[in-house]
Amino acid sequence: MIKVGILIFPQVEELDFVAPFEVLSYINKIEPNSTRVLLVSEKAEVITAFNGMKVVPDHSFDTCPELDILVVPGGKGRLDAMHNPTIKEFLLNQSKHTQYITSVCTGAFLLAEAGLLTGKKATTYHTAFEELQAYPDVTVKKAKVIQDGNIITSAGVSSGLELGFFIIKILFGSIAAKEVANRIEYDIDIDAL
């Protein structure tokens, strides 16, 4: 079973983490016991997201298992989260053994602050391209999803859906990704990802 951790923090953008959570969890309805998707935060406390959704994490950083995939969302809360040394340490520790480290929207800035985008191509929310280009050795490209080695970044907000399908395609193949898209009634060209 593939362990997927989705980082959450105060003022995280809801769709940034809910979209990949839905897609990466849905594969279990097609291929049972394929993934275990966990919400992870610095502390095991209720998180209030940007639009007011209250979320209970499955794990704190201290209890989080080694993950196979880490998803880092963005949102207004990223302005504090990207400068949080405990989050940076968590990202770096998980990066030692994860198969893929990914971001949605401005979650790319958390990866950049941790040095994980150095020498990489990446994307982010369209209005934040210039800000991300200010990081040394990060090549910013306009695309829904960009993979560079084990780093996968996706564009703004709803692009978390595309990120989820991209990961499903890598791990379980195009047919499985198309089946998930069909079942959740999302029109996407999986082959173009």
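Please treat every number below as a calculation from the coordinates, not as lab data. Everything numeric in this text was worked out from a predicted model, so none of it was measured. Here the Cβ positions follow ideal geometry from the backbone for every residue, glycine too, while neighbour counts run over all protein chains shown.
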If one computes the Cα centroid of region 12-66 and of region 78-110, what distance in Å separates the two points?
-> 15 Å
Among 48, 86, rank each residue by its count of other Cβ atoms within 10 Å, from fewest to most, as a rough exposure measure.
-> 86, 48
Residues residue 129 and residue 66, FRET efficiency given R0 of 41 Å [Cβ-Cβ distance, rounded to 0.05] | 0.80
So what is the 222 nm mean residue ellipticity for the chain from helices alone, if each DSSP H run of at least 4 adds -39500 (n - 2.57) and you divide by all residues, rounding to the nearest 500 deg cm²/dmol?
-> -9000 deg cm²/dmol
For the chain, calculate the relative contact order in percent as a whole number, restricting contacts to Cα pairs under 8 Å that are 6 or more residues apart.
-> 21 percent
Scan the chain and report its longest stretch carrying no GluC sites (Glu not before Pro) that are both in a DSSP loop and have at most 12 other Cβ atoms within 10 Å.
-> 67-184
Report, for region 2-192, the % of DSSP beta bridges that are antiparallel, rounded to 5.
-> 20 percent
Just the Kirkwood number for region 117-193, please: inverse of mean 1/r across all distinct Cα pairs, in Å, one decimal.
-> 13.1 Å
May I ask you to list the trypsin sites (Lys or Arg not before Pro) in region 103-177 that are in a DSSP loop and have at most 10 other Cβ atoms within 10 Å of their Cβ?
-> 142
With the dipole of region 2-192 worked out from charges on the C-beta (+1 for Lys and Arg, -1 for Asp and Glu) around the Cα centre, which of 85, 74, 23 lies farthest toward the positive end?
-> 23
Filtered hits (aspartates and glutamates, Cα-Cα < 13 Å from residue 141, offset >= 8 within chain) -> 130, 131
Cα-Cα over 23 Å: which of 120/142; 121/178; 29/178; 88/178; 54/96?
-> 121/178; 88/178; 54/96
Averaging sequence separations of C-alpha pairs under 8 Å and six or more residues apart, then dividing by the length of region 1-114, give the relative contact order as a whole percent.
-> 31 percent
Order of 71, 56 - criterion: other Cβ atoms within 10 Å of each residue's Cβ, fewest first | 56, 71
Mind telling me which of 103, 174, 159 comes out most flexible in a GNM of the chain, alpha-carbon contacts under 10 Å?
-> 174
Placing +1 at every Lys and Arg Cβ and -1 at every Asp and Glu Cβ, with all other atoms neutral, what dipole size does the chain have around its Cα centre, in debye to the nearest 20?
-> 180 debye
If you project the alpha carbons of region 2-192 onto their three principal axes, what span does each projection cover, largest first, in Å?
-> 39, 35, 33
